[in-house]
Amino acid sequence: MSVSAVLTAPWNVRARVRRWLTARLPRSDSQLLTQANVYILPTRAGWMFALTLIVLLLASINYQLNLGYLLTFLLAGSGVVSMHITHGTLRGLTLHLRPVAPAFAGSAAVLDIVLSSPTSTRFGIGLRLLEAPVATLAWTNVPAGGQATAHVSYVPGRRGLHDVPTLTAETRFPLGLFRAWTVWRPVARVLVYPQVEADAPALPAARPVSGAALQARRSVGGEIEGVRAYRRGDPLKLIAWKKAAQALATGAELVSRDTSTSARQELWLEWQACARLGPEERLSRLAAWTLAADRADADYGLRLPGAEIEPGDGDAQRARCLEALALWR
Amino acid sequence: MNAAALAASTRSAVLQWPGWKRLPRDSRDTLFLLAVIAWTVLPHASHLPAWSLWLTAAVLLWRARLALVNGPLPGRWVLVAVLIGAIGLTFWSYRTLLGKEPGVTLAVALMALKTLELRARRDAFVVFFLAFFIILTHFLYSQSMLVAIAMLVSVWGLLTALVLAHMPVGKPGLTLAGGLAARTALLGAPVMVLLFVLFPRIGPLWGVPQDGISKTGLSNTMKMGSMAEVARDDGVAMRIRFDGQAPAQPQMYFRGPVLTRFDGVEWAPVGLSFAPQSLPARAPALVTRGEPLGYEVTLEPLRLASVPLLEATTDVFPVEGYRLVPRDDLQWLADKPVLERLRFKAIASTSFVLGAPRRLGELQESLELPDGFNPRTLAWAREFRNAHKGASATRLANELLQHIRSGGFSYTLAPGNYGRDAVDEFWLDRKEGFCEHFAAAFVVVLRAAGVPARIVTGYQGTDLLPVDGYYVVRQSSAHAWAEFWQTGTGWVRADPTGAVAPDRIGRSSRLAPLPGFVAGTLDAMNPQLFADLRRAWEAINNRWNQSVLNYSRGHQLDVLKQIGFDAPTWEDLALLLVGTLICLSIAGALWAWLDRHRVDPWARQLARIRDALRALGIAAAPHEPPRTLALRVRERLGGAGERLALLLEALEARRYGRDAARRPDPSMTHEFTSEAHRLRTVAPR
């Protein structure tokens, strides 16, 4: 049974109870782990260990072996201590979620979690989504009085602005007889862009801006000829590296491409252009086109029913368009 | 297989040791676990059949090789086939799969094979738990301190491997994991001590198989040559501490089984069957002279109902869990075989006469000889009697002892094998042997001459020098002597071995065989040092035995008495244990409840500072560090707030600076709040 099936099955009382319990947890981006929110139970290995201890004890009683008693009780003592160490590995730890970068539906979203330990070194702490299988645990050690970062990734299914899923941190250190865990609901939300359509058709043709005085001059190699001196803040991709190399060799400054000359053509990514597709598929295609246009360094705008984004370029334009696609309804 | 694949496989077959530090983590961890397993199994090498050792070594080496070349683990069918083979060989070796030895053999085979299946963490746990079980089985063979230390190392190694398995990040060092494992075990030691002291020692829950425990030392019967085996055992049989002056060495006879029945091959006691109800509780016709001597015995588990005690022990103080009674022949019997180390007090008189027989047929039994055995000795005895017509039993015995002295007999521990008519062969032909040969021949001749006689087995003498006040009786002090019936007096002791080897009686380690190579060299180089070392070792070992191995229900009840119980029972013990555990749990729960509300001291300090600032009308959000607050204080208060700002900067440095302190300074908090209070009263806002 898959995870989602467990979630949706109405007769699955355990899952329902768990969801109800989880929903009662307060949300926060930074959680200090204390006695109140760290839980601990024996693992299957812990039960096996208890069974082993009983067998050892019975053998010691039957053969009247004082060394057998010592062995049994030494192991029992170590087991009890390991319970405290396991709990103490999580207790006192602070979990903090860094701002979450937007992600695309269907591909991984990465949560950066900072763990800080004010006191001792913590070994073997694993983080994962509460609903994800155990194999997805991201392991980390936290140095004494320091911080460590763990990256938990998951694949969001739908576009939109979603709550960060409930996370869990667990540890079995040192002996694996007990598992201590905590459940954490961060308050942050993650923006999920539509899934990018694979093998989307080519971009629609760009049209020259009406009334434009100048056409972009293009050389034979397709490179834009208009250059100007580098100004602080110019993005790296604007630097004309070939020319810059020559300029640097002669002791001159870096040179950037002059985008003002290329801004004469503009590209509209339109809802109407994706005929014969369902709404989500259209959004997927528009997302793919947005990325393609951004890669092509073109000026582009986006037209959705009830929303229009003026042509522009750069990271800000890309983020604006994708956000519009993510939140469109 | 094509040429390239062949070349690849031969390349991978050449093992290259990359150095311990450069091993990949998985390989290193696996090799470490294999080494720990080998160390754990190793002490069993002397008990296990050869095939089991070879199989274990082969499997462990194979697994080590796989770890080094990162090869694939064998399929499940291979393992099943090897396991079936191992079970078959076990059955072939022991003719059964039940019992101690087959059980240990199978457990070792299982653990070795399981290492070939270390895929998931669950598999690793099976190995760990099997290893803990195998550690316990070592104690069935020996509970000596050396075994304990070796097994402590084993437990430590296994815990280290467990800790390593739960440090999934990077490549943690073995020393780090070993330290963490040792810390866990050390913190657990108080729990161990508490449980060890208070866990009620109850008897076996069900019958222990006869072969359950190894057995050396005295037995209830005697065959020619059987005592030579015992002589090679340097182990301790018991320790004696005398209340007063210790008796002279030649007087220290510890009386064990008295052997009257002789079937031509084997000597056995009369009607020694374990039926506690039918034990004769009446005392033998014993007359003692002189001052009674009190002494304390620490008896190693001899796995016998017969308890060898100093001749002649008249009283034994009650022993927890056992009932000790004297038989007619002055042999002390417990109502069940003694399977644990016992410590008890007794009273003896070394000067005594065992008088009139109390049981019908006792003397008759002591005259019987089997038909058709040792005819030449019987003929010799008749001639001997005819030569001493009318002589008393004592005179006959003395004549015999004189014959042994002058008849060309010699004392040796390696007389070779004797045939069917062993006494004939010994008495008339080869004339060499040790205590059991002399005692047996002596008794046969006396019986044939018409004097009731019997063999007494036990121990004679102790180590000459006491260790910590304890005289050590070793298995190598095992001895056999004779008793004959002198009409009008009673049973008289005669030690024919003393006649041929006088220094054999009253000298320590008399049955000692040749020492081993190391001991021999050391002894030759510096006998004094060797003796000192040996004595020191004995002292430590005695402490170990007295305080750890000998700790029994009696000691537990003593502990209870010391802490104020009047008449403790084992139920009190159980209640005390449960009570202590409950108290500890409640203390733990209380601490946890208090800890729930614990706040980081830095956060508490900052909260108080924020409150003080808010009272001054300065907004301070929880996320703002002291540096930001200092800026705001300067902004709002100007020069008046300079002192507060400096304090905040000092706080920042104390918490985050180069020499950051672990805890906040409470005086700093106090200074801050009082300064804030002063500002508020001077310039109320």
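The values are calculated or read from the model by the stated rules, or taken from the named source; none is laboratory data. Because the structure is predicted, anything quoted here is derived from the model rather than measured. Please note: Cβ atoms are built from the backbone with ideal geometry, for glycine as well, and neighbour counts cover all protein chains shown.
General observations
- Elements of the type helices (runs of 4 or more DSSP H) sitting completely within the stretch B:38-119 and holding at least 2 residues that are among the β-branched types (V, I, T), assigned by TED's automatic domain parsing to the domain that holds B:S142 and farther than 22 Å from A:A59 by Cβ: these cover B:50-69, B:76-94.
- Meets criteria (at pLDDT 70 or above, out of contact with any helix residue (DSSP H, G or I) (no Cβ under 8 Å at 6 or more places or on another chain), within 24 Å of A:L191 (Cβ to Cβ) and not in a helix (DSSP H, G or I)) for A:E310: yes
- Meets criteria (among the charged types (D, E, K, R) and surrounded by fewer than 16 Cβ atoms within 10 Å (Cβ to Cβ)) for B:D572: no
For every residue, the table says whether it meets (1) in contact with a Ser or Thr (Cβ under 8 Å, 6 or more places away or on another chain); (2) in the same structural domain as A:N37 (by TED's automatic domain parsing); (3) modelled with pLDDT of 90 or more; (4) more than 30 Å from A:L75 (Cβ to Cβ).
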residue: A:A132; (1), (2), (3), (4): no, yes, no, yes
residue: A:G145; (1), (2), (3), (4): yes, yes, no, yes
residue: A:V187; (1), (2), (3), (4): yes, yes, no, yes
residue: A:R217; (1), (2), (3), (4): yes, no, no, yes
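- With respect to the stated conditions, B:A587 fails to be within 14 Å of chain A (Cβ to nearest Cβ), small (G, A, S), out of contact with any Leu (no Cβ under 6 Å at 6 or more places or on another chain) and surrounded by 14 or more Cβ atoms within 10 Å (Cβ to Cβ).
- Residues being assigned to a strand (DSSP E or B) and within 26 Å of B:A305 (Cα to Cα) - total across the stretch B:433-478: 14
- For the stretch A:111-124, the tally of residues that are buried (at least 18 other Cβ atoms within 10 Å of the Cβ), within 11 Å of another protein chain (Cβ to nearest Cβ) and part of a loop (DSSP other than H, G, I, E, B) stands at 0.
- Taken over the stretch A:265-289, the criterion of being over 14 Å from A:A206 (Cβ atoms) and crowded, with 16+ Cβ neighbours inside 10 Å is satisfied by A:W271, A:C274, A:R282, A:L283, A:S284, A:R285, A:L286, A:A287, A:A288.
- Any hit, the stretch B:559-582, residues being within 11 Å of another protein chain (Cβ to nearest Cβ) and closer than 12 Å to B:V197 by Cβ: no
- Of all residues in the stretch B:296-331, those being among the hydrophobic types (A, V, I, L, M, F, W, C), farther than 18 Å from A:Y63 by Cα and crowded, with 19+ Cβ neighbours inside 10 Å number 9.
- Evaluation of B:L136 against the conditions (1) part of a helix (DSSP H, G or I); (2) touching a residue at least 24 places away in the same chain (Cβ under 8 Å); (3) under 27 Å from B:E340 (Cβ atoms); (4) facing chain A (nearest Cβ under 10 Å) shows that the sole unmet condition is (2).
- Residue within the stretch B:161-179 that is closer than 17 Å to A:L70 by Cβ and either buried (at least 16 other Cβ atoms within 10 Å of the Cβ) or facing chain A (nearest Cβ under 7 Å) (or both) present: no
- Meets criteria (in contact (Cβ under 8 Å) with a residue 12 or more places away in the chain and surrounded by fewer than 23 Cβ atoms within 10 Å (Cβ to Cβ)) for B:L446: no
- Checking B:T377, B:T350, B:T412, B:T394 one by one, the residue that is among the hydroxyl-bearing types (S, T, Y) and free of Cβ contacts under 8 Å to residues at least 40 places away in the same chain is B:T412 and no other.
- Filter result (among the β-branched types (V, I, T) and at the interface with another protein chain (Cβ under 7 Å from one of its Cβ atoms)) within the stretch B:180-195: B:T184, B:V191
So that you can scan it fast, the table gives a plain yes or no per residue for (1) touching a residue at least 40 places away in the same chain (Cβ under 8 Å); (2) more than 30 Å from B:A148 (Cα to Cα):
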site	(1), (2)
B:N542	yes, no
B:S547	no, no
B:V559	yes, no
B:A587	no, yes
B:A619	no, yes
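- Residue selected from the stretch A:132-164 under the condition outside any strand (DSSP E or B) and crowded, with 19+ Cβ neighbours inside 10 Å, by the criterion farthest from the other protein chains (Cβ to nearest Cβ): A:R159
- Subset of the stretch A:171-180 that is part of a strand (DSSP E or B) and surrounded by 22 or more Cβ atoms within 10 Å (Cβ to Cβ) - its residue that is nearest to the other protein chains (Cβ to nearest Cβ): A:T171
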